[in-house]
1. Could you give the length gained by full extension between A:H577 and A:S173, i.e. 0.36 nm per residue of separation minus their alpha carbon distance, to one decimal place?
2. Can you give the FRET efficiency for A:E446 and A:R156, using 1/(1 + (r/R0)^6), R0 = 22 Å, r = Cβ-Cβ distance, to the nearest 0.05?
3. How compact and how long is chain A, expressed as Rg and Dmax of its alpha-carbon atoms in Å?
4. Could you tell me the calculated FRET efficiency between A:D260 and A:Q38, based on Cβ-Cβ distance and R0 = 22 angstrom, to the nearest 0.05?
5. Could you check the spin-label model distance between A:K467 and A:A224? Points 7 Å from the Cα along Cα→Cβ, value in nm.
6. Under 20 Å from a point 7 Å along the Cα-to-Cβ line of A:R363: which residues of the range A:387-412 have their amide N that close?
7. Which percent of the accessible area of the range A:37-81 is formed by carbon and sulfur heavy atoms (probe 1.4 angstrom)?
8. Using only alpha carbons, build the gyration tensor for the range A:127-206 and give me the equivalent ellipsoid semi-axes, biggest first, whole Å.
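The values are calculated or read from the model by the stated rules, or taken from the named source; none is laboratory data. In this text, all values refer to a predicted model and were calculated from it rather than measured experimentally. Every residue, glycine among them, receives a Cβ derived from its backbone with ideal geometry; neighbour counts consider all protein chains shown. Surface accessibility is based on the protein's heavy atoms, side chains included, excluding ligands, DNA and RNA. Shrake-Rupley method; radii C 1.70, N 1.55, O 1.52, S 1.80 Å.
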Amino acid sequence: MKHYPLKETTFQAKSEAFSIPYEDVLNTAQYEAVTTLQGPILVIAGAGSGKTRTVTYRVARLIEEGIAPESILLLTFTRKASQEMLRRAATLLDHRCQNVRGGTFHSFANFTLRKYAQESGFESGFNILDRVDSEDVINLLRGWLKLNVKDRRFPRKKTIANIYSKAMNKGVSVEDVVFDDYPNFARDIPDLIRLHEAYGIHKQKHLLMDYDDLLVYLKTLLQANKQVRERLSRVHRYIMVDEYQDTNMIQADIVRLLADTHDNVMVVGDDSQCIYGFRGANFGNIMDFPDIFPGTKLVKLEENYRSTQPILDLTNVIINKAQRKYTKVLFTQKKDGAPPALIMAKDERMQSEFVVQRILELREEGVPLDEIAVLFRSGFHSFDLEIELNRSNIPFIKVGGFKFMETAHIKDVLAHMKVLANPKDSVSWHRILLLLEKIGPKTANEIFRQVLSSAKDVGGLTTVRPKPGYAKSFERLRDMLEDLVQNPFLPVAEIGERVVDYYRPILEKRFDNHPKRSKDLVHLLSIMERYNNVEKFLSDMALEPPNASVGNVMATDYEDEQLVLSTIHSAKGLEWHTVFVIWTLEGRFPSIYATRNADEMEEELRLMYVAASRAKELLYFAYPINIYDRGTAMVLCRPSRFIEGISEDILESWSLTSQEQIDYLEW
DNA sequence: GTCACTGATCACATT
DNA sequence: GATCAGTGAC
């Protein structure tokens, strides 16, 4: 078929009447944001100011104006966020909203880079490295470059991965990151630079991309290739970016490049809620937006619909401690409510008991369990509480912390599927070969080398002559993979099934708790059922893994009413009737590591602000005292500096009293 | 070369 | 609790 290009029409005939009464259901600022469809627009949206609502209605409005859903691109922080917005938009209007392109920057990059593989200089069959994988690659290279055989200690792989990632995300050199954040490794800089170069080359050679590469290669593609840029820009005529305060420079550049031909960009964000600075997020992006997009219309959403006035009073006090002047003042119509409270517990156990007891009372009072959340700075802060909740039979789901996808047995199974998708994948080969008895790093490397040089992909295994010590297990692996190569059109779950069958004896030998892990594998297989394409499945597992942590993944399927335990980072954008923030203890929150640096301290403050502003009706801060910190050899016993010394009428202090004491006092 | 020990060291947040 | 370097037995 021949395509005959018509001159571009920006607008179709505007329909006379809209099916949605926008003017009646939105406030003035929201209405303005929703109905400004052309040109750049910056929406500063305070916590609880109806940001999701605004984006949702704007999607509906665009479609009602006759714009093709496929030409709208909605970039969000998590896939869940975009799905939720599009689902709501579909309820407002109709199913057309589901055709809007939505997802994270990373998933968009993944899709685009595979589609434009030729132009991007990276073949499309690449595998994505999650954090653990990229640490493993670094570890391999560190061994090969003999950087770990030194008299002094070389940084650990996790630290190295952090350094490299930060350098990429901030767009600065490895040297600068080390000087700023890890001065103790200053003398390792030459080696770290050497290793970094090797890491880059290795990834390219073996078709591996880490999270940062996805963004960097996308940006480079858009920058270097005018045709691709213009094509993508014309396809995505209306761009919306959520959580703009947590984008980094690369992402801001990508937005600029994508909007090349039209400047139709709406970004939504709140500078007070930037909490990903450690990953290169730059809330300066918000301030700079009007400079990058001249003619930007600025809209501020300042009416808060979430919290009561007492809660808002407190969050205002918190954010007022920020050095950077904040850009908006929130107000609410919900005047009445209980003041937030600060609770001191004499130890961690008592903190947990308080939370549990209060939750039980709230449930009595009719607050549904899934309207209550317990938030904390770090994943491990909830361990003791989890024990207490289990004892009291309170069902909960934990978000953030240690991930299902990062457990060894899940990664083992995925690695087998990854070598099928990309036979050059060095880490995955290494991983699956090391599972075999009598095969260590040396032998694994030798086998992998032979497979690569055979140019027969996975079939190269047949050219390997195994030593008698490991021949039997090696042949089992070879036959299993061979068989899968012969049947390239098997359903994803069928491939998974065969891998799991192969893997199960290994699992049972390696792990004492294999029955539990075996259940995880069954669950993994059930996830595979939803896919008809291995590549898509593997990408999703790297980019959008199930968010719940270990042990909870299956529970989510049948428990409908559960308490939420979450890191504050993972609680972004959410809200609950009652919020507990635990471990608001100076030294834990702010974290002891942040006290050196004013910028990091400021980010901790914003984090506290995010935590507090999740609450609709009730808000409690709890902290245990007499906590010994091994790192500094200090006893921590003061409440967080962010909530200390606030007057009683804004933040009440509660002291926990035993029944005995009450009896005595009342007598 | 592999494997199963040891003891010293160090821990945040996430796509 | 995980990671990592070092050790000695096969």
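1. On the way: separation 404, 0.36 × 404 = 145.44 nm, distance 4.47 nm.
Contour length minus Cα-Cα distance gives 141.0 nm.
2. Values: r = 26 Å, r/R0 = 1.20.
For R0 = 22 Å, the calculated efficiency reads 0.25.
3. For chain A, the Cα radius of gyration and maximum Cα-Cα distance read 26.8, 93 Å.
4. Details: r = 16 Å, r/R0 = 0.71.
For R0 = 22 Å, the calculated efficiency reads 0.90.
5. Simple spin-label model gives 4.3 nm for this pair.
6. A:387-399
7. Numbers: 590 of 1060 Å².
Percent of accessible area from carbon and sulfur atoms in the range A:37-81: 56.
8. On the way: eigenvalues 68, 52, 23 Å².
After scaling each eigenvalue by five and taking roots: 18, 16, 11 Å.
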